[in-house]
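Working notes, structure below.
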Amino acid sequence: DYPGNIFRFVQKEFSALERQGTLLALVSKNNLVDVDEVLCSHPDMVLKESQIVAKKVNWSDKPSNLRALAKELNVGLDSFVFLDDSSFECDAVRQQLPMVRVFQVPATLSEYPKVVAEIKSLFLAGGISASSKGKTEQYRQRAGAEGLKAQFKTHEEYLGSLELKVELTRNDRAN
């Protein structure tokens, strides 16, 4: 029923974008425990925790959290699209991060699918490749490796911890 059907539709659209290789991140002024509970156990949630590449759930300003996400994911802010229901937050991002594309959830919820359609159109220009699927997991694995790397004092110690084996051959016809 309305308005739940609108929110469900929007989640399905974003879920489809994630399956096609678009990274979804969450920035919320909220309590992390509450957000995690909704993502993991709310029966009407279409989007799942596993589809969110990174989260910044705290009480910091959203432009700062977007900068932190860009650094964490090693992507430029010009590749971000920001969607929020607060005109204050949208204006703050527009002013502080003009390279970020900003969309506001419309006051009239029946117009929300049009906004989502405009957002979706930004991501499919190049088509979908096989490597696009699973992009969220690729970024999670990279973040895990970076987290592991941060535990070591030197790059050499980190590489040693990986226990990599190298085999050199010369003029091996089979290879």
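The values are calculated or read from the model by the stated rules, or taken from the named source; none is laboratory data. As the structure is a prediction and not an experimental result, all values here were calculated from the model. Neighbour counts run over all protein chains shown; Cβ positions are idealised from the backbone, glycine included. The area values use the complete protein model at the heavy-atom level, side chains included, leaving out ligands, DNA and RNA. Shrake-Rupley method; radii C 1.70, N 1.55, O 1.52, S 1.80 Å.
Points to keep in mind about this one:
- Qualifying residue in region 18-29 (condition: more than 27 Å from S121 (Cα to Cα), at pLDDT 95 or above, outside any helix (DSSP H, G or I) and not acidic (D, E)): yes
- Cross-chain or 6+ apart pairs with Cβ under 7 Å, region 27-51 first and open to solvent by less than 80 Å² (accessible area, probe 1.4 Å), then outside any helix (DSSP H, G or I) and of a type in the set (D, E, K, R): V27/K56; L39/K48
- Residues that are open to solvent by 50 Å² or more (accessible area, probe 1.4 Å) and without any contact (Cβ under 8 Å) to a residue 24 or more places away in the chain within region 96-116 comprise P98, M99, R101, Q104, A107, T108, E111, K114, listed in sequence order.
- Residue in region 142-155 that is part of a helix (DSSP H, G or I), open to solvent by less than 50 Å² (accessible area, probe 1.4 Å) and at pLDDT 95 or above present: no
- Here V81 clears all of (1) open to solvent by 40 Å² or more (accessible area, probe 1.4 Å); (2) out of contact with any Leu (no Cβ under 7 Å at 6 or more places or on another chain) except the condition numbered (2).
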